[in-house]
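The structure appears below as structure tokens.
Just so it is clear, none of the values below were taken in a lab; they were calculated from the coordinates. Since the model is a prediction, treat every value here as computed from it, not as a measurement. Cβ atoms come from the backbone with ideal geometry, glycine included; neighbour counts cover every protein chain shown.
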Amino acid sequence: MINKQIESFLQESSNPLIVILGPTASGKTDLSIKLAQRFSGEIVSADSRQIYKYMDIGTSKIKDTERKGIAHYMIDIIDPGTEFSVYDYREMAISCIDKVKWKGRTPFLVGGTGLYIDTVIYNYSLSPCVVTGVRDKLEEEYKNKGAKYMYDKLRSLDPFAARKIHPNNYHHLIRALEVYISTGRSKFGQSKKDKSGYDLFLVGINIDRDNLYERINRRVENMFDDGLVEETKKLVGMGYSTNLSSMSSIGYKEIIAMLGGEISEQECLLLIQKKTRNYAKRQLTWFRKNKDIIWI
RNA sequence: GGCCCGGUAGCUCAGUGGUAGAGCAGUGGACUGAAAAUCCUCGUGUCGGCAGUUCGAUCCUGCCCUGGGCCA
């Protein structure tokens with residue numbers, strides 16, 4: 001069924017990109033391997049955690065033996081201590097897609113990070129991450145003067161952005177101020193979603209909620225059996241800690257809390273399961289607004 | 001068999017003679033330099049059952065069902 005559709009899609013398009021998306025534990029990996037085999041494809045990952053080296057179990061990274069000889073990109077590309085931004089992702093992913101095309105193969109973009117996917121399939125205008133120190137200063141100011149002060153500041157500088165950001169949303173607030181102060185323009189000034197140059201075929205994996213949650217619960221249990229705790233210990237031993245965005249991923253953060261004696265092993269397991277369920281729900285919220293997705 | 005304490009939202013429980021509310025879970029949503037991050041929204045349920053008292057009972061009384069504890 002989906003094979004037929006892809007077949008005719010590929011015949012008609014000159015610049016195809018097949019996207020496979022869905023919440024965690026929905027079976028993206030299996031489907032992508034099958035389709036890549038069928039359509040001589042190669043896979044570009046759109047997963048914000050699998051980019052990190054050494055974080056395998058907690059991110060359900062695909063194993064070499066499971067790849068069936070299909071080339072994968074954007075996995076294991078950076079060290080957990082390295083800063084990585086959406087801008088970096090977009091640049092690298094697009095060049096990977098180009099590479100797959102030059103090889104005469106079909107590019108598959110597969111993953112669950114909605115922002116990363118959108119960044120590639122729409123023409124997001126992102127600018128490189130320039131460290132100017134503005135952010136540090138803003139964070140310092142936030143700590144000293146509080147949320148309300150900072151929000152008022154944004155309101156007077158960039159009322160349009162302020163209207164779109166909730167006062168409690170720390171990350172968004174800081175970023176909006178940073179953009180305005182360092183560029184003199186609103187963060188939302190260029191928020192236009194134009195289609196990218198690719199011919200897109202979007203496949204979403206849909207599972208009913210109860211089933212999905214059961215799969216998630218089981219997957220987390222398996223992670224414990226497979227050595228998530230040991231993997232986390234190893235990462236901590238290498239000097240990576242929770243203040244890194246890599247290590248604040250679901251799973252690692254909770255294990256670290258358990259190792260620190262803050263929660264019991266049972267609590268830790270339940271917490272990770274819950275956080276993962278909540279995450280899956282957020283992913284679905286993101287995907288739902290894209291009306292071009294064909295759900296299977 | 002007797003005595004005591006419970007039975008209220010999926011779970012843990014609070015509460016009032018004028019038909020009820022928190023936490024957790026869950027739901028819907030936002031998102032363009034951390035995105036597995038960050039943030040917002042949403043609480044009607046035979047108040048265990050039946051009968052009685054009352055203008056009115058989830059709240060008082062009686063009986064029954066049911067969970068736990070103590071004494072025999």
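Between the DSSP loop rule and a limit of at most 12 other Cβ atoms within 10 Å, which GluC sites (Glu not before Pro) in region A:147-237 are left? Working shown, then result.
Details: sites: A:Glu178, A:Glu214, A:Glu221, A:Glu230, A:Glu231; in loops: none.
In loop regions of region A:147-237 (DSSP not H, G, I, E or B), there are no sparsely surrounded GluC sites (Glu not before Pro).
Nothing charged except the Cβ atoms of Lys and Arg (+1) and of Asp and Glu (-1): what's the magnitude of the dipole of region A:39-136 about its Cα centre? Round to the nearest 20 debye. Show your work: numbers first, answer last.
Working: 12 positive and 13 negative charges, 79 e Å.
It works out to roughly 380 debye.
Counting other Cβ atoms within 10 Å of each Cβ, which GluC sites (Glu not before Pro) in region A:238-296 have at most 12 and sit in a DSSP loop? Each step should come with its number before you reach the end.
Details: sites: A:Glu254, A:Glu262, A:Glu265, A:Glu267; in loops: A:Glu262.
Passing sites in region A:238-296 are A:Glu262.
Would you please give the FRET efficiency between A:Ser8 and A:Lys103, computed as 1/(1 + (r/R0)^6) with r the Cβ-Cβ distance and R0 = 25 Å, to the nearest 0.05?
FRET efficiency, A:Ser8 to A:Lys103: 0.65.
Determine the sum of side-chain charges near A:Asp208: Lys and Arg each +1, Asp and Glu each -1, restricted to other residues whose C-beta is under 15 angstrom from that of A:Asp208. Please report the intermediate quantities before stating the final value.
Values: positive: A:Arg209, A:Arg215, A:Arg277, A:Lys281, A:Arg288; negative: A:Asp210, A:Glu214.
Net of charged neighbours comes to +3.
I'd like the distance separating the alpha-carbon centroids of region A:123-157 and region A:55-69, in whole Å.
Region A:123-157 and region A:55-69 have Cα centres separated by 37 Å.
Which value, in debye to the nearest 20, describes the size of the charge dipole of chain A about its Cα centre when Lys and Arg Cβ atoms bear +1, Asp and Glu Cβ atoms bear -1, and nothing else is charged?
Values: 45 positive and 37 negative charges, 204 e Å.
That gives chain A a dipole magnitude of about 980 debye.
Classify chain A: rounded, prolate or oblate, from the alpha-carbon gyration tensor (a ≥ b ≥ c, eigenvalue square roots; a/c under 1.5 rounded; otherwise prolate if a/b is larger than b/c)? Don't jump to the answer; show the numbers that get you there.
Values: a/c = 1.79, a/b = 1.17, b/c = 1.53.
Cα axes put chain A in the oblate bin.
What is the dipole size for region A:173-296, taken about its Cα centre, with +1 at each Lys and Arg Cβ and -1 at each Asp and Glu Cβ, in debye to the nearest 20?
Details: 21 positive and 16 negative charges, 183 e Å.
Around 880 debye, computed over region A:173-296.
Once Lys and Arg get +1 and Asp and Glu get -1 on their Cβ, which of A:Leu200, A:Ile272, A:Leu212 lies farthest toward the positive end of the dipole of chain A?
Going by the charge dipole, the pick is A:Leu200.
My understanding is that a pair violates if its Cα-Cα distance is over 31 Å; which of A:Lys145/A:Lys233; A:Lys153/A:Lys253; A:Lys28/A:Lys274; A:Lys153/A:Lys195 do that in this structure? All intermediate terms of the calculation are to be shown ahead of the outcome.
Working: A:Lys145/A:Lys233 37 Å; A:Lys153/A:Lys253 33 Å; A:Lys28/A:Lys274 21 Å; A:Lys153/A:Lys195 34 Å.
Cα-Cα > 31 Å for A:Lys145/A:Lys233; A:Lys153/A:Lys253; A:Lys153/A:Lys195; rest within.
For chain A, what does the helix formula give at 222 nm: sum of -39500 (n - 2.57) over DSSP H segments with n ≥ 4, over the residue count, nearest 500 deg cm²/dmol?
Per the formula, -16500 deg cm²/dmol.
How high is the relative contact order of chain A, in percent, with contacts defined as C-alpha pairs under 8 Å that are six or more residues apart? Write out the running numbers ahead of the final one.
Details: 358 pairs, mean separation 77.5, N = 296.
Over chain A, the number comes to 26 percent.
Treat each spin label as a single point 7 Å out from the Cα along the C-beta direction, and report the A:Tyr149 to A:Arg175 distance in nm.
2.4
Distance between Cα centroids, region A:218-294 to region A:158-207: provide it in whole Å.
26
Which lysines does A:Lys34 reach when only Cα atoms under 23 Å apart count, and residues fewer than 8 places away in its own chain are ignored?
Straight-distance partners of A:Lys34: A:Lys4, A:Lys61, A:Lys63, A:Lys68, A:Lys99, A:Lys101, A:Lys103.
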